[in-house]
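Rule-based calculations on the coordinates, nothing more; no lab input. This is a predicted model, so every value here is computed, not measured. Every residue, glycine among them, receives a Cβ derived from its backbone with ideal geometry; neighbour counts consider all protein chains shown.
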Amino acid sequence: MASKKEHLEFVLEQLSQLEGITYKAMMGEFILYYQGRIFGGIYDDRLLVKPTGSAKRLMPAASLELPYEGAKPMLLVEDIDDRQFLCGLVEAMLDDLPEPKKKKK
């Protein structure tokens, strides 16, 4: 099941306090970036984030879910209505995320 654009727009609005949030549509789902680094995505209208150390500390009871068949498990963010928590989560994850790969010329 593909994610709805409205769900993406809600999550983006919740994260609007952070500069550098972008997304890419990918096969009916949405990959989310913060300052060029992938931190998660919208899959089947669920916000899933990478299971970084910071994310696990901030969401110790979060369940691991598969974004799609064959993918690595990600953490389900249940409370997307809490804007302050969501922004803090993404900011805390930044240092745990790998730098974007340089494009070859």
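Note that the stretch 5-96, at 25 °C in a medium of 0.890 mPa s, gets a Stokes-Einstein diffusion coefficient of 188 µm²/s from its Kirkwood radius over C-alpha pairs. Here the sum of -39500 (n - 2.57) over DSSP H runs of 4 or more residues, divided by the residues of the chain, equals -7500 deg cm²/dmol at 222 nm, to the nearest 500. Reducing the stretch 1-40 and the stretch 44-72 to their Cα centroids gives an inter-centroid distance of 15 Å. Of 33, 43, 68, the sequence from fewest to most neighbouring Cβ atoms within 10 angstrom is 68, 33, 43. Projecting the Cα atoms of 18, 94, 60 onto the charge dipole of the chain, computed from C-beta unit charges around the Cα centre, puts 94 farthest toward the positive end.
The lysines whose alpha-carbon is closer than 28 Å to the alpha-carbon of residue 103, local same-chain residues fewer than 8 away aside, are 24, 50, 72. Within a Cβ distance under 14 Å of residue 51, other residues only, what is the Lys/Arg minus Asp/Glu net charge? That works out to +2.
Compute the longest continuous run of the chain that contains no exposed GluC sites (Glu not before Pro); treat a site as exposed when its DSSP state is not H, G, I, E or B and it has at most 11 other Cβ atoms within 10 Å. The answer is 20-68. The calculated FRET efficiency for residue 56 paired with residue 7, based on their beta-carbon distance and R0 = 35 Å, is about 0.90. Sites listed here are trypsin sites (Lys or Arg not before Pro) in the stretch 1-81 whose DSSP assignment is loop and whose Cβ has at most 10 other Cβ atoms within 10 Å, and the list is empty.
Fewest neighbouring Cβ atoms within 10 Å first, the residues 66, 86, 76 line up as 66, 76, 86.
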